[in-house]
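One structure is given below, encoded as structure tokens.
The values are calculated or read from the model by the stated rules, or taken from the named source; none is laboratory data. A quick note: this is a predicted structure, and the numbers were derived from the prediction, not measured. So basically every Cβ, Gly included, is an ideal-geometry build from the backbone, and we count neighbours across all protein chains shown. Note: accessible area is taken over every heavy atom of the protein model, side chains too, but ligands, DNA and RNA are not part of it. Shrake-Rupley method; radii C 1.70, N 1.55, O 1.52, S 1.80 Å.
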Amino acid sequence: MADVLAKTCAADGLRGKRVLAIVPDGTRTAPVGLVFRLLHEQLSGVVSSLDVMIALGTHQPMSEEAICRRLDMTMAERQTRYREVAFYNHEWDNPAALQPVGVLSAERIHELTDGAFSIDVPVEINRRVLQYDRIVIIGPVFPHEVVGFSGGNKYLFPGVGGPEILNFFHWLGAVVTNPMIIGSKWTPVRKIVDAAGALVTVPKTCFCMVVRPDGSLAAIVGGTPEAAWTEASEVSRRTHIVYKERAYHTVLSCVPKMYEDLWTGGKGMYKLEPVVADGGELIIYAPHISQVSVTHGRLLLEIGYHCRDYFRSQWDRFGQMPWGVIAHSTHVRGIGTYENGAEQCRIKVTVASQIPEHICHQINLGYRDPATVDVESFANREDEGVLLVRKAGEMLYRLQNPPAWAVGS
């Protein structure tokens, strides 16, 4: 790892420069702290500053203690070895914290989305990013419900980007649908993310990591965001996709505590929808979760969770709402239809958490008391059509012979 950092981010070329490390929040598994520690050892005393920004997207801000945990740093180390390092949370919803870097024209959007959209999309980024001489992106690559595979320029957009580009490409991903996007490489959304990244003229270095299910490192690739991601996504494809011969009528998706609300815990649905049989049930088992969304809860309580066509058929009602929130709603609810005022979703999605039963019903999801869920009773029953996933959210499950709605690329 140290060799990759030394080769890709040589100290001599950054002497006297201001360097900003952009890292994910706590919802991504990776040895981010180790990479940052090595980077700090390499650049400390050489660069004029080395700071950290958390690529929150629209996730909740992290406390200084939480950032230290993300960086595997003790509070004592924070106050000594790393005392000169500034920590910043991205502020996606604060216009004063953002700066325009360009516009993706309607013609360009038409080209990148294969004709699905033709609108001008303004691109803003956290203005602090533009005050540095070098950006160093440190983050993992996993199959992702919106962009195909995470990593690379995704840590800029939506990581530290403004709401308009974020809302646009999240809805674009929802229109294409999660099963067609997730685990696919060259998606329309990836093209948008890379086009937006090209508008950021600060030189960029990226370290893409691929982490195995046991937590060990399968690969770390350094280079430009585009080149590092291209190589790492191929490793992720081989590492993070589990192929199954059959679909399951019942899936228990155990959501780990790193997902603190349903907004992030929805990954327990995204990564498993492709292997749930028509008419089957996916249970999001998250006894630690008590909120729908820390950031977007109010709006989700209003609109609920519905399939894509529910929103598209009523766009005059929903089109003025944040497209990213609508996209999240469709991802959690899954594939379905909306015809003659009736919604028909392909599968049942049940939540077993601290979110009350009446709230689950209000937002169009099923409810189950988590105290009634015996996890072990779901184990070793795949021959019966029951699948238990003990740590859901990062590994993607696909069928070896997928139906047309989940073919992807």
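Please give the helix 323-333 orientation as an angle from the longest Cα principal axis of the chain, in degrees from 0 to 90, rounded to the nearest 10.
Helix 323-333 sits roughly 50 degrees off the main axis of the chain.
In whole Hz, with x marking every Gly and Pro, tabulate ³J(HN,Hα) for segment 56-70 from phi via Karplus 6.51 cos²θ - 1.76 cosθ + 1.60, θ = phi - 60°.
For segment 56-70, the Karplus-derived couplings read 6, x, 10, 5, 6, x, 9, 6, 4, 5, 5, 5, 4, 5, 4 Hz, x marking Gly and Pro.
How much FRET efficiency would the formula 1/(1 + (r/R0)^6) give for Asp133 and Glu231, where r is the Cβ-Cβ distance and R0 is 30 Å, rounded to 0.05?
After rounding to 0.05, the efficiency reads 0.75.
Express in nm, to one decimal, how much length is gained between Val242 and Ala6 on full extension, taking 0.36 nm for each residue of separation and deducting their alpha carbon distance.
Numbers: separation 236, 0.36 × 236 = 84.96 nm, distance 3.40 nm.
Between Val242 and Ala6, full extension yields an extra 81.6 nm.
Charges at C-beta only: +1 for Lys and Arg, -1 for Asp and Glu. How large is the resulting dipole of the chain about its Cα centre, in Debye rounded to 20?
Here the size comes out at about 760 debye.
If you average the alpha carbon positions of segment 330-409 and of segment 207-262, how far apart do those two centres end up, in angstrom?
Cα centres, segment 330-409 to segment 207-262: 20 Å.
Short version: what are the Cα gyration tensor semi-axes of the chain, square root of 5 times each eigenvalue, largest first, in whole Å? Walk me through the numbers on the way to the answer.
Values: eigenvalues 241, 117, 81 Å².
With the √(5λ) rule applied to the chain, the semi-axes are 35, 24, 20 Å.
Could you tell me which of the pairs Lys267/Lys348; Lys244/Lys348; Lys267/Lys391; Lys244/Lys391; Lys191/Lys244; Lys271/Lys391 are separated by over 22 angstrom between their Cα atoms in the structure shown?
Result: Lys191/Lys244 exceed 22 Å.
Please report the net charge: other residues with Cβ closer than 11 Å to the Cβ of Glu77, K and R +1, D and E -1.
Working: positive: Arg37, Arg78, Arg81, Arg83; negative: Asp72.
For residues surrounding Glu77, the net value is +3.
Normalized C-alpha radius of gyration of segment 157-283, against 2.2 N^0.38 Å?
Numbers: Rg = 16.5 Å, N = 127, 2.2 N^0.38 = 13.9 Å.
Its radius of gyration relative to the 2.2 N^0.38 Å reference: 1.19.
Between Gln344 and Trp186, what's the calculated FRET efficiency when r is the beta-carbon distance and R0 is 51 Å? Round to 0.05.
Efficiency computed from Cβ-Cβ geometry: 0.95.
May I ask you to give the solvent-accessible area per residue for segment 108-168, in square angstrom, as obtained with a 1.4 angstrom probe?
Working: 1670 Å² over 61 residues.
Per-residue accessible area for segment 108-168 comes out at 27 Å².
Which aspartates and glutamates, on any chain, are close to Lys185 with Cα under 18 Å apart, when same-chain ones fewer than 8 places away are left out?
Once the sequence-local aspartates and glutamates are set aside, what remains near Lys185 is Glu111, Asp114, Glu145, Asp194, Glu226, Glu231, Glu234, Glu394.
If you wrap a convex hull around the C-alpha atoms of segment 1-106 and split its volume per residue, what is the figure in Å³? Before the final figure, lay out each step's value.
Working: hull volume 16.1 nm³, N = 106.
Considering the Cα atoms of segment 1-106, their hull volume per residue is 151 Å³.
Over the chain, with a Gaussian network built from C-alpha contacts below 10 Å, which listed residue (Ser44, Ser329, Ser150) shows the highest mean-square fluctuation?
Judging by the Gaussian network model, the answer is Ser44.
Enumerate the calculated ³J(HN,Hα) couplings along segment 350-356 in order (Karplus 6.51 cos²θ - 1.76 cosθ + 1.60, θ = phi - 60°), each rounded to whole Hz, writing x wherever the residue is Gly or Pro.
10, 10, 10, 8, 7, 5, x
List the lysines whose Cα sits under 20 Å from the Cα of Lys7, skipping any in the same chain fewer than 8 residues away.
Lys17, Lys204
Could you list which residues have their amide H under 5 Å from that of Leu399, counting only those 5 or more apart in sequence or on another chain, with H placed in the peptide plane?
Amide H neighbours of Leu399, under 5 Å, 5+ apart: Lys244.
Subtract the Cα-Cα distance of Glu382 and Ala404 from 0.36 nm times their separation in residues, and report this length gain in nm to one decimal.
Result: 5.6 nm gained on full extension.
Looking at the P(r) of segment 106-158, how many percent of alpha-carbon pairs lie beyond 15 Å?
For segment 106-158, the share of Cα pairs beyond 15 Å comes to 63 percent.
Compute the acute angle (0 to 90°) between the alpha-carbon long axis of helix 163-176 and the principal axis of greatest extent of the alpha-carbon atoms of the chain; round to the nearest 10°.
In the chain, helix 163-176 runs at an angle near 40 degrees to the longest axis.
In whole Hz and in residue order, list the ³J(HN,Hα) couplings for segment 291-308 that follow from phi through the Karplus curve 6.51 cos²θ - 1.76 cosθ + 1.60, θ = phi - 60°; x for Gly and Pro.
Ordered by residue, 3J(HN,Hα) equals 10, 5, 7, 5, 8, 10, x, 4, 5, 5, 5, 7, 9, x, 10, 8, 6, 3 Hz.
Mind jotting down the distance between the C-alpha centroids of segment 1-68 and segment 281-315, whole Å?
So the two Cα centres are separated by 33 Å.
Under a 5 Å amide H to amide H cut-off, with H placed in plane at 1.01 Å, what residues pair with Gly102 once short-range neighbours are removed?
Under 5 Å from the amide H of Gly102 lie the amide H atoms of Val123, each far enough along the sequence or on another chain.
How large, in percent, is the carbon and sulfur part of the accessible surface of segment 128-260 at a probe radius of 1.4 Å?
51
What does the charge count around Gln314 come to, taking other residues whose C-beta lies under 14 Å from its C-beta (Lys +1, Arg +1, Asp -1, Glu -1)? Please report the intermediate quantities before stating the final value.
Details: positive: Arg308, Arg312, Arg317; negative: Glu302, Asp309, Asp316, Glu339, Glu343.
Neighbourhood net charge equals -2.
What does the charge add up to near Glu226, with Lys and Arg as +1, Asp and Glu as -1, over the other residues with Cβ less than 13 Å from its Cβ?
+3
Starting from the amide H of Val47, placed 1.01 Å from N in the peptide plane, find each other amide H under 5 Å away whose residue is 5 or more places distant or on another chain.
Counting only residues 5 or more places away or on other chains, the set is Gly16.
Send over the per residue convex hull volume for segment 157-212, Cα only, as a whole number of Å³. Intermediate results must be reported in sequence, preceding the final value.
Details: hull volume 5.8 nm³, N = 56.
So the per-residue hull volume is 103 Å³.
If one takes the longest principal axis of the Cα atoms in the chain, at what angle in degrees, from 0 to 90 and to the nearest 10, does the Cα axis of helix 32-43 lie?
Orientation of helix 32-43: about 10 degrees from the principal axis.
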